[in-house]
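See below for the structure under consideration.
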Amino acid sequence: MKTTPAPRRPRLRVGMVNFINTAPIYLPWKEMGEDPRFEVTEAPPTRLNRLLAEGRLDVGLVSAFAYAQLHARTAIFPDLGISATGPVGSVILYSRVPVEELDGRTIRLTPHSATSVHLLRILLEDILGLRPRYVTGELPPPHLRDPSMGAYLAIGDEALRLAADPDPWIRLDLADIWRRRTGLPFVFAVWAVRKEAWRRDPEAVRALYRRLRSCLRAGRAALGRISRAVAPRIPMSPEACLDYLRGIELDLDAAKRRGLRHFFRRLHALGALPEVPALELLPLPGDDAAEAPPAVRSLAS
């Protein structure tokens, strides 16, 4: 009697970002070769946020704000993310006037990061008491820029490229301001997993987590080589790229979780979130969540 083969498991749908700040994970991932267990989508963070929310991804590197919106349906890898303890170098408010003069002025916002936009609002409105006007859109070339625009919020590779822009910008690093005002690191992105994907195929999720951690270890060990490989994208010197990547932190330790919780509390106070979400960590080895019960672990801190 012929036996019917077991149906093939669907591949885990994974969303990745190919910015310079993810290169220490992204390049080792590509160098390891394709893994048939994973179907990878590369896109900017805002698109991955939407795909995860729509159920078209199972796991994604998404913004901290997107996780706050999706926290009831997702949990996060316990020690992976994108953060900075001090200057980050790639979430920058480029201002034509000193920051205290932005009250009532127009700030153009990148359309590519809800987290950075909300961080800017917290710093300007909640902490500094300013009330600028906001418009969303890409920064036009210099000859097409509206002279009434007071500032532009740039992220990622664009923020690095604008260092050579001809406009006489005042450069304000939002992660640095956050650190000086709160004493905490700032978490820009987390690896979020839909809870239904964890229930359906926990082994595939564990395999992805192990591979990402292996990529991060490999990337940290080869940071000089990675800097030389990705610096021409901006372009910037390999030395400047190495300095930049050394300021990008791709873990999610206890201090960063405290920073993330503080960000959520500030968002709730600003009216951007209906509640302060819990951080739910998948019970995966490699950090202090390893002994968590077999579902998700909720942090109260």
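A short reminder: the numbers here are calculations on the coordinates, not readings from a lab. Please read these numbers as outputs of a predicted model, since none were measured by experiment. Cβ atoms come from the backbone with ideal geometry, glycine included; neighbour counts cover every protein chain shown.
For the pair ALA221 and ASP146 in one chain, pulling the backbone fully straight at 0.36 nm per residue adds 22.5 nm over the alpha carbon distance.
The alpha carbon gyration tensor of the range 1-84 gives principal lengths a ≥ b ≥ c with a/c of 1.5 or higher and a/b no greater than b/c, which makes the shape oblate. For the range 188-285, the list of GluC sites (Glu not before Pro) that fall in a loop by DSSP and count at most 11 other C-beta atoms within 10 angstrom reads GLU275. A Cβ-based charge dipole, computed about the Cα centre of the range 91-182 with Lys and Arg at +1 and Asp and Glu at -1, lands at about 140 debye. Positive contributions from Lys and Arg (+1) and negative ones from Asp and Glu (-1), summed over other residues with Cβ under 15 Å from the Cβ of ARG145, come out at -2. Does the range 96-163 classify as rounded, prolate or oblate by the C-alpha gyration tensor (a ≥ b ≥ c root eigenvalues; a/c under 1.5 gives rounded; else a/b over b/c gives prolate, otherwise oblate)? Oblate, because a/c is 1.5 or more while a/b does not exceed b/c. Is the C-alpha gyration tensor of the range 231-287 telling us rounded, prolate or oblate? Criteria: a/c under 1.5 is rounded; beyond that, a/b larger than b/c is prolate, otherwise oblate. Oblate is the answer for the range 231-287, as a/c is 1.5 or above yet b/c matches or exceeds a/b.
By the beta-carbon count within 10 Å of each Cβ, the least crowded to most crowded order of MET149, MET32, fewest first, is MET32, MET149. Fully extending the segment from ALA240 to ASP165, taken as 0.36 nm per residue of separation minus the present Cα-Cα distance, adds 25.3 nm. Applying the criteria of a DSSP loop state and at most 16 other Cβ atoms within 10 Å to the trypsin sites (Lys or Arg not before Pro) of the range 92-170 yields ARG145.
Note on the chain: semi-axes of the ellipsoid equivalent to its C-alpha gyration tensor, largest first and rounded to whole Å, are 34, 22, 18. For the range 41-120, applying the loop criterion from DSSP together with a ceiling of 15 other beta carbons within 10 Å to the GluC sites (Glu not before Pro) yields GLU54.
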